[in-house]
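Below is one structure, written out as structure tokens, with a few remarks after it.
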Amino acid sequence: MASLLDHVSAVPKPVIGALAGVGAVYLGLKLYSYLRLVLSAFIFSGPNLRKYGRAGSWAVITGASDGLGKEYASQLAAKGFNLVLVSRTQAKLEALAKELENKHLGKGGIQIKILAMDFAKDDDADYEKLAVLIRGLDVAILINNVGQSHSIPVPFLETPKEELQNIVTINCLGTLKVTQIVAPLLKQRKHGLILTMGSFAGWTPTPYLATYSGSKAFLQQWSSALASELADDRVDVYLCLSHLVTTAMSKVRRPSLLIPTAPNFVRSALGKVGLGGYQSVPNSYVPWWSHSFMLWLIETFPGVSSPVTIFYNKKMHVDIRRRALRKQAREAKKQ
């Protein structure tokens, strides 16, 4: 102990002062990021969506007939936006359009256009139909919500080829091609919002969801780059990060402290657009408060790509896979 103190006392005072200064700056930055986290979660609100378009402007929503997409449609309609709904199933789109039109009939009404397209087919004719459908519309908002995950957690080497192909085609190509069609309208009008749904699985490497994780990580990098490109045209581009939400994709039915319902999550997502700054990824935000605290803790202590974080992710998804396979076996016996 005495030897250690001797070594410390031998260090020049200017060096000790410099190290203390670095430590103080580091601690100060962490405290500042925590303050921004708390304020973003409980105090601050994002901009009024009227910033992006007057009443009667249009919002384009992909993956619109179920889950989060359906909630985005419902809540944007309630804010007075006309809707272009894009999803795979014609019947679901027609039912949702009729429901929303009837709901807002007495409030001046809204207009809704629908397009049924299967993003997995990557058919150029579908994208051309979308371009024709939105031509001449005052499009203010694009919600890139379409996506697919694995049916259950699965080792990459055992991932069915069709599932692998569909995840990359839908999540990546589908999002990019829709954005190439819609973004020029936003750029031309010199203001607008592009909101792309991200995932914690893309923010941190997630074993047993490797293909999905990679596709969402791709969108994370692409969205940040696009945000910089369109900033001069006053088009805001954000990646909206989420952990689990009670949707068909997550297969979680019961909400909890860490798992909000779809309506609550979307309400938060639309109400806190752009409130980030406490996490390492630019032009991204985590709207649900418990998700944001989880993200901050992981980034601050073990680290996003640390062996500890990846090990925990692997352990969790191995367990989910084991339970899913047991459930499949039980159901097979009943048939």
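From the list 175, 196, 206, the one residue that fits, being more than 15 Å from the chain's Cα centre (by Cα) and open to solvent by less than 20 Å² (accessible area, probe 1.4 Å), is 206. When region 209-218 is filtered for residues that are touching a residue at least 40 places away in the same chain (Cβ under 8 Å) and buried (at least 22 other Cβ atoms within 10 Å of the Cβ), the ones remaining, listed by number, are 209, 212, 215, 216.
Against the conditions (1) assigned to a helix (DSSP H, G or I); (2) in contact with a strand residue (DSSP E or B) (Cβ under 8 Å, 6 or more places away or on another chain), residue 212 satisfies every one except (2).
Residues checked against (1) farther than 23 Å from residue 149 by Cα; (2) surrounded by 13 or more Cβ atoms within 10 Å (Cβ to Cβ); (3) of a type outside the set (A, V, I, L, M, F, W, C):
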| position | (1), (2), (3) |
| --- | --- |
| 87 | no, yes, yes |
| 90 | no, yes, yes |
| 93 | no, yes, no |
| 101 | yes, yes, yes |
| 122 | no, yes, yes |
| 126 | no, yes, yes |
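Within region 148-163, the set of residues being among the polar types (S, T, N, Q) and either under 23 Å from the mean Cα position of the chain (by Cα) or exposed (fewer than 11 other Cβ atoms within 10 Å of the Cβ) (or both) comprises 148, 149, 151.
Contact map, region 285-313: residues that are more than 25 Å from residue 255 (Cα to Cα) paired with residues that are open to solvent by 40 Å² or more (accessible area, probe 1.4 Å) and outside any loop (DSSP other than H, G, I, E, B), Cβ distance under 9 Å, separation 6+ or inter-chain. Pairs shown: 300/30; 300/34; 301/308; 302/308; 302/312.
Checked against (1) more than 26 Å from residue 278 (Cβ to Cβ); (2) touching a Leu at 6+ places or on another chain (Cβ under 7 Å); (3) hydrophobic (A, V, I, L, M, F, W, C), residue 49 passes all but condition (1).
Only one entry in 286, 245, 252, 235 is within 24 Å of residue 317 (Cα to Cα) and in contact with a strand residue (DSSP E or B) (Cβ under 6 Å, 6 or more places away or on another chain), namely 252.
Of the residues making up region 282-312, those that are open to solvent by less than 20 Å² (accessible area, probe 1.4 Å) and under 27 Å from residue 156 (Cα atoms) number 5. Which of the residues spanning region 269-290 are touching a Pro at 6+ places or on another chain (Cβ under 7 Å) and aliphatic (A, V, I, L, M)? Answer for region 269-290, where residues must be touching a Pro at 6+ places or on another chain (Cβ under 7 Å) and aliphatic (A, V, I, L, M): 269, 273. Pairing residues of region 37-60 that are open to solvent by 20 Å² or more (accessible area, probe 1.4 Å) with residues that are acidic (Asp, Glu), at Cβ distances under 9 Å and at least 6 apart in sequence or on separate chains, gives 47/236; 51/236; 54/138; 56/138.
Listed by first and then second residue, the pairs linking a residue in region 229-251 that is closer than 17 Å to residue 144 by Cα and open to solvent by 60 Å² or more (accessible area, probe 1.4 Å) to a residue that is small (Gly, Ala, Ser) and not in a strand (DSSP E or B), with Cβ atoms under 9 Å apart and 6 or more places separating them unless they lie on different chains, are 249/67; 249/147; 249/149. Evaluating residue 105 against the criteria (1) of a type outside the set (Val, Ile, Thr); (2) open to solvent by less than 80 Å² (accessible area, probe 1.4 Å); (3) out of contact with any Gly (no Cβ under 7 Å at 6 or more places or on another chain); (4) at pLDDT below 95 leaves one unmet condition, (2).
Report whether or not residue 102 is closer than 20 Å to residue 186 by Cα and of a type in the set (S, T, N, Q). No. Of the residues 219, 176, the single one that is closer than 24 Å to residue 123 by Cα, touching a Cys at 6+ places or on another chain (Cβ under 9 Å) and among the aliphatic types (A, V, I, L, M) is 219.
Are there any pairs with C-beta distances below 8 angstrom linking a residue in region 97-123 that is closer than 21 Å to residue 62 by Cα and among the acidic types (Asp, Glu) to a residue that is open to solvent by 30 Å² or more (accessible area, probe 1.4 Å) and part of a loop (DSSP other than H, G, I, E, B), with the two at least 6 apart or on different chains, and if so which? Final answer for the pair search is 101/109; 118/88.
The values are calculated or read from the model by the stated rules, or taken from the named source; none is laboratory data. Source: prediction; values computed, not measured. So basically every Cβ, Gly included, is an ideal-geometry build from the backbone, and we count neighbours across all protein chains shown. Calculation scope for accessible area: heavy atoms of the full protein, side chains included, ligands and nucleic acids excluded. Shrake-Rupley method; radii C 1.70, N 1.55, O 1.52, S 1.80 Å.
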